[in-house]
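Reviewing the structure listed below.
The values are calculated or read from the model by the stated rules, or taken from the named source; none is laboratory data. Predicted model, so just to flag it, every value in this text is computed and none were measured. FYI the Cβ positions are ideal-geometry reconstructions off the backbone, even for glycines, and counts take in every protein chain you see. Keep in mind that these areas ignore ligands, DNA and RNA; they rest on the heavy atoms of the full protein, side chains included. Shrake-Rupley method; radii C 1.70, N 1.55, O 1.52, S 1.80 Å.
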Amino acid sequence: MTTMTDQIGLALLITLVSALALNWGYLREHDAAITLPPLSLARPLRSARLLLASRRWLTGFLSEITGWGLYVWALALAPLALVQAVSAGGIGILAALVCRFSLARLRPAERLGVGLSIAGLAVLGISLAGGTAGGHEASWPSLGVWLAGSVVVAASVIRLGQSLLGAGAAFGVVTGIAFAAGDIATKATVEGDIALAPIMIASYGAGTLLLQMGFQRGGALVTAGLATLLTNAIPIAAGMTIFHEPLPSGALGALRTCAFLAVVASAVLLARREDHERRAETPDDAPGSGGRAERPPRRTVAATTDT
């Protein structure tokens, strides 16, 4: 007979496979997006046609869809906060893929981020020894306020964040907000609120286009890294608030809190790469300056679209 702990263990294993598929897909999409003409929210149909015409992008997108399907399966088996915490470990997978398929090397802070990601997942697994409760269905008013707030914050970041954070980072943040709204709507949908399915689809559709726009303006690690950070951190907070998913008591609760903090901190450390990359792309790093960009020529295409 399958126990609740066994079911959650299966869900978290599925989530790890989902994170691998999602992050490999992100890397393929980035490599395709930086070769395309500029994408725009103002012309979504044209942007969609450009993306769908790219075989490389379609390969990445199909991997992303597969990862999302696995994620939905995991959500049907386990609480939102736990699934998101494991999914946040995908930032470590993304960092490893970036190093494997590009000339970039991880800096010490980024290696620390990968270590924190792995440690957070290990601690999370230990915290499951005490079992976990599934929480409750979210109320419509709380869902409405949360999702409406997501739209307002995303619009503000698009308007103001590019000058403060850099274009790639700003689009990564907005993508994370959009995907997080989709994840929250997905959790509510699999629990029976079918009316939220259109919001789920719209959130994921907008997030996908925003992610590709971010890829044209920044590196894969910073854009997808920040998107992954917020895609996971926001629903973790939602799980504990609007879905009322409780922490275990005592030491196991403290361990789970530490796990949540570790995976979020790992994403923050890995997503700080953009400042380093943007300095490497300035005229100060031209021949004779003594500096060398760590990325291959295709990364330069992403930089030029930022102007």
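Things worth noting here:
- Residue within the range 49-68 that is within 12 Å of Thr15 (Cα to Cα), aromatic (Phe, Trp, Tyr) and at pLDDT 80 or above present: yes
- Any hit, the range 195-204, residues being modelled with pLDDT under 90 and either small (Gly, Ala, Ser) or under 30 Å from Thr35 (Cβ atoms) (or both): yes
- Residue match in the range 162-183 (condition: more than 27 Å from Leu97 (Cα to Cα), at pLDDT below 90 and open to solvent by less than 50 Å² (accessible area, probe 1.4 Å)): no
- Near pairs, Cβ below 9 angstrom, 6+ apart or cross-chain, from the range 185-198 (farther than 16 Å from Pro235 by Cα) to any residue that is outside any helix (DSSP H, G or I): Gly192/Glu137; Asp193/Glu137; Asp193/Ala138
- Qualifying residue in the range 111-121 (condition: over 18 Å from the mean Cα position of the chain (by Cα), assigned to a helix (DSSP H, G or I) and at pLDDT 80 or above): yes
- Some residue of the range 87-95 being open to solvent by less than 50 Å² (accessible area, probe 1.4 Å), under 18 Å from the mean Cα position of the chain (by Cα) and modelled with pLDDT of 75 or more: yes
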